[in-house]
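Below is one structure, written out as structure tokens; the observations come after it.
The values are calculated or read from the model by the stated rules, or taken from the named source; none is laboratory data. For clarity, every value in this text was computed on a predicted model and none was experimentally measured. Please note: Cβ atoms are built from the backbone with ideal geometry, for glycine as well, and neighbour counts cover all protein chains shown. Accessible surface areas use protein heavy atoms only, side chains included; no ligands, DNA or RNA. Shrake-Rupley method; radii C 1.70, N 1.55, O 1.52, S 1.80 Å.
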Amino acid sequence: VTFVSENPGHNSASVYVPDGAEAWDGEIGKDITVTLSAEGVYIYKCTPHLALAMVGVIKVGNPGDISGAQAAADSLAATIAVNKERVAKYMGMAQ
């Protein structure tokens, strides 16, 4: 997956990756390509815009037990100032 920086103030950084997968932390304003090497749920954020719920969830294959991802999503939602429901909505779509 390639995250393309359309604006110099954004990035993509993993919040949660399945066991065996590699986490990522893209530079602000730079494109980043990541390989989603394990089945499961990946959660990512735009670091400078987390408070605005600039987050995403990617489901790869069969997510299996997503309790770890759900716990990470719940923890992440607690740090968001507006649009908190976005995390739950995306997690619901990944099940």
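Are any residues in region 21-35 open to solvent by less than 80 Å² (accessible area, probe 1.4 Å) and over 25 Å from Ala77 (Cβ atoms), and if so, which ones?
Gly29, the sole residue that qualifies.
Consider Ala21 carefully, then state whether it is more than 15 Å from Thr2 (Cα to Cα) and without any contact (Cβ under 8 Å) to a residue 40 or more places away in the chain. Spell out the reasoning first.
Numbers: more than 15 Å from Thr2 (Cα to Cα): yes; without any contact (Cβ under 8 Å) to a residue 40 or more places away in the chain: yes.
Against the criterion (more than 15 Å from Thr2 (Cα to Cα) and without any contact (Cβ under 8 Å) to a residue 40 or more places away in the chain), Ala21 qualifies.
For every residue, the table says whether it meets (1) on the phi < 0 side of the Ramachandran plot; (2) in a loop (DSSP other than H, G, I, E, B); (3) crowded, with 18+ Cβ neighbours inside 10 Å; (4) modelled with pLDDT of 95 or more.
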{"site": "Asn7", "(1), (2), (3), (4)": "yes, yes, no, no"}
{"site": "Ser37", "(1), (2), (3), (4)": "yes, yes, no, no"}
{"site": "Gly56", "(1), (2), (3), (4)": "yes, no, no, yes"}
{"site": "Leu76", "(1), (2), (3), (4)": "yes, no, yes, yes"}
{"site": "Met91", "(1), (2), (3), (4)": "yes, no, yes, yes"}
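Under 23 Å from Lys89 (Cα atoms), assigned to a loop (DSSP other than H, G, I, E, B) and either touching a strand residue (DSSP E or B) at 6+ places or on another chain (Cβ under 9 Å) or among the polar types (S, T, N, Q) (or both): is that true of Asn11 in this structure?
In short, yes.
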